[in-house]
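Reading through the structure tokens given below for one structure.
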Amino acid sequence: METSPPTLAPPRDTDEPRYDPRHHPHRPEIYGFMAEFADVTTVVAAARKVRDAGFTQWDMHSPFPIHGIDKAMGAKPTILPWLVLAGGIFGFLAGLLLSWWTNAISYPYLISGKPIWSFAANIPVIFETTVLFAAFTAVFGMLIMNKLPLLYHPLFKHRRFRRATSDRFFIVIEAIDPLFSEDKTKALLESMKPTSIEEVLEED
């Protein structure tokens with residue numbers, strides 16, 4: 001019995017990698033929707049609408065910092081400054097304990113009747129340990145809170161998203177948001193008049 005070869009859909013005009021059911025027998029889970037905007041004014045207005053709609057698991061991507069975008073997105077202050085303060089206090093106490101132990105306990109050395117240990121004489125050491133621990137807390141705290149290094153992300157598969165580093169602005173609403181609904185979320189993004197809207201799929 002002869003079988004005709006499978007027919008393939010005509011190629012699309014874009015060079016985006018397309019979903020091929022031959023290689024993915026089960027449809028990958030959706031990561032979210034990505035809306036593209038051409039200028040700052042429209043993307044800031046869109047960010048306000050997403051914020052007012054109550055979404056919490058979403059982000060905006062821009063090729064440069066946008067003044068006032070934190071307020072437009074409803075972003076809350078980070079706890080990183082408090083972590084850096086805690087790291088600095090720990091470094092201060094560590095330097096204080098280190099200088100006291102080495103000078104007064106482990107290796108006492110009397111010079112011209114001066115005190116075995118004094119706070120003023122060890123301020124440079126204590127200052128350096130304070131700065132050291134605060135700096136380490138700032139760097140590693142920032143990396144952990146931003147989930148870096150990020151070796152893979154579903155957005156990396158979309159060629160259009162590469163323009164986020166040059167001349168395009170993107171809003172991505174994630175499917176893990178409690179308010180996410182494919183139909184309603186897409187309708188909300190369409191009401192913002194974006195240049196394009198794309199469905200972002202997780203890796204199968």
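Values computed for the structure shown
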{"item": "Failed condition for D183, given (1) exposed (fewer than 11 other Cβ atoms within 10 Å of the Cβ); (2) in contact (Cβ under 8 Å) with a residue 60 or more places away in the chain; (3) of a type outside the set (S, T, N, Q); (4) in a helix (DSSP H, G or I)", "result": "(2)"}
{"item": "Of all residues in segment 145-178 being loosely packed, with under 15 Cβ neighbours inside 10 Å and aliphatic (A, V, I, L, M), the one that is nearest to P77 (Cα to Cα)", "result": "M145"}
{"item": "Output for segment 186-197, where each listed residue is buried (at least 18 other Cβ atoms within 10 Å of the Cβ) and either at positive phi or out of contact with any Asp or Glu (no Cβ under 8 Å at 6 or more places or on another chain) (or both)", "result": "L188, L189, M192"}
{"item": "Criterion violated by S118 - all others in (1) small (G, A, S); (2) more than 20 Å from the chain's Cα centre (by Cα); (3) assigned to a helix (DSSP H, G or I) satisfied", "result": "(3)"}
{"item": "Lone unmet requirement of (1) modelled with pLDDT under 95; (2) part of a strand (DSSP E or B) for I173", "result": "(1)"}
{"item": "Enumeration of residues in segment 65-85 that are more than 15 Å from the chain's Cα centre (by Cα) and surrounded by fewer than 15 Cβ atoms within 10 Å (Cβ to Cβ)", "result": "H67, G68, K71, G74, P81, W82, L85"}
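The values are calculated or read from the model by the stated rules, or taken from the named source; none is laboratory data. These numbers come from a predicted model, not from an experiment. FYI the Cβ positions are ideal-geometry reconstructions off the backbone, even for glycines, and counts take in every protein chain you see.
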